[in-house]
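Down below is the structure, laid out as structure tokens.
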């Protein structure tokens, strides 16, 4: 798992493209996840803040969203956007593949959005380290099939491959995935995590799967 960081120009052209929302609606994702006011989110590989800012709107002033990325350009972009939008509950942070500069067990939810196929195991370890007891990790990634956008098929993970990769980090799946697009609840090996409902998606989203861990 390895992937180059995005430049600012590429992020604006690709990560912020209007076409992206037709297949990746961040507001809908957070509703599915069941994100609540006051919760803390860590967006690992936050990029331009595509999932960060909608999360910040949900958790509100009593919550916090850490926007973590290895690209100094994108961390600065998110910082500028937060300032211009007067969003005070977003904290952009520069990370490395082996270290996210946040203390242990702070996150109710950590999200890996379109990055699991391209990050090292050490980054997943860091995401898991940040979860509170009963915390959840949400993985959003490409299905292993040809699509007009996204990485080469050979770089993508099947659902079993993604499951195996995440299980190796001590995460436990709570409910089975659905047949079309999957939302699967996992826990950080601590009792008390509520189950997600199994949700299938409309046809427009069949090129993607979402695994919540």
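A short reminder: the numbers here are calculations on the coordinates, not readings from a lab. Note that this is a predicted model, so its numbers are computed, not measured. Note that each Cβ is placed from the backbone with ideal geometry, even for glycine, and that neighbours are counted across all protein chains shown.
One chain, two ends: residue 106 and residue 159. Fully extended at 0.36 nm per residue, the span grows by 16.3 nm beyond their Cα-Cα distance. Residues 43, 108, 10, 141 in ascending order of nearby Cβ atoms (within 10 Å, fewest first): 10, 108, 141, 43.
The fewest-to-most ranking of 100, 111, 119 by surrounding Cβ atoms within 10 Å reads 119, 100, 111. Each of 129, 88 was scored by other Cβ atoms within 10 Å of its Cβ. Arranged with the fewest first, they read 88, 129.
Label sites at residue 76 and residue 125, each approximated as a point 7 angstrom past Cα along Cα to Cβ, lie 3.1 nm apart. Straightening the chain between residue 147 and residue 85 buys 19.0 nm, computed as 0.36 nm per residue apart minus the Cα-Cα spacing. For the pair residue 98 and residue 172, the difference between a 0.36 nm per residue extended length and the Cα-Cα distance amounts to 24.4 nm.
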